[in-house]
Amino acid sequence: QVQLVESGGGLVQPGGSLRLSCAASGFTFSSAAMSWHRQAPGKERELVASITSAGTTNYADSVKGRFTISRDNGKNTLYLQMNSLKPEDTAVYFCHARRPVTGRTYWGQGTQVTVSA
């Protein structure tokens, strides 16, 4: 059974930092392409950052230079380090996995990030 469990969200002031984690199980994590997405109220879900099994990363323009995606294959965990947070970063953040060969995809349940003074 595939599980993706996000943690690390919360309330932070503008300019602050948070680190999100996504603990994965039920599949070969090291082979999967992983990504973080977010959805703000009234908006569509959008890609924030992605990382391939080889470690190649990609970021949305809105977070470049502020967010860093990484993975620890030994711990089956995906991370998103978020610095210089802005109110417009407020959203529910979701972890996403795509398995190779089959292309099957999975979502976590999401973690709320609120940036407010």
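Values for this structure:
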item: Label zone at L11 (point 7 Å along Cα-to-Cβ), backbone N below 17 Å, region 90-117; result: 90-92, 112-117
item: Per-bin percent of Cα-Cα distances, the chain [10 Å]; result: 15, 50, 29, 6, 0
item: Highest-MSF residue in the chain out of P87, P14, P41 [GNM, Cα springs under 10 Å]; result: P41
item: Candidates Y79, Y93, Y106, ranked by Gaussian network fluctuation over the chain, Cα under 10 Å, top entry; result: Y106
item: Cleavage-rule hits, trypsin sites (Lys or Arg not before Pro), region 31-117, DSSP coil, Cβ neighbours within 10 Å at most 12; result: K43, K64, K75, R104
item: Residues S31 and D61, FRET efficiency given R0 of 30 Å [Cβ-Cβ distance, rounded to 0.05]; result: 0.60
item: Modelled FRET efficiency - R0 22 Å, Y106 with S84, Cβ distances, 0.05 increments; result: 0.15
item: Accessible area, probe 1.4 Å, largest first, for residues S17, S50; result: S17, S50
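The values are calculated or read from the model by the stated rules, or taken from the named source; none is laboratory data. Quick caveat, the model's predicted, so the values are computed rather than measured. Using ideal geometry, Cβ is built from the backbone for each residue, glycine included, and neighbour counts are taken over all protein chains shown. Areas reflect the complete protein model, heavy atoms only, side chains present, ligands, DNA and RNA absent. Shrake-Rupley method; radii C 1.70, N 1.55, O 1.52, S 1.80 Å.
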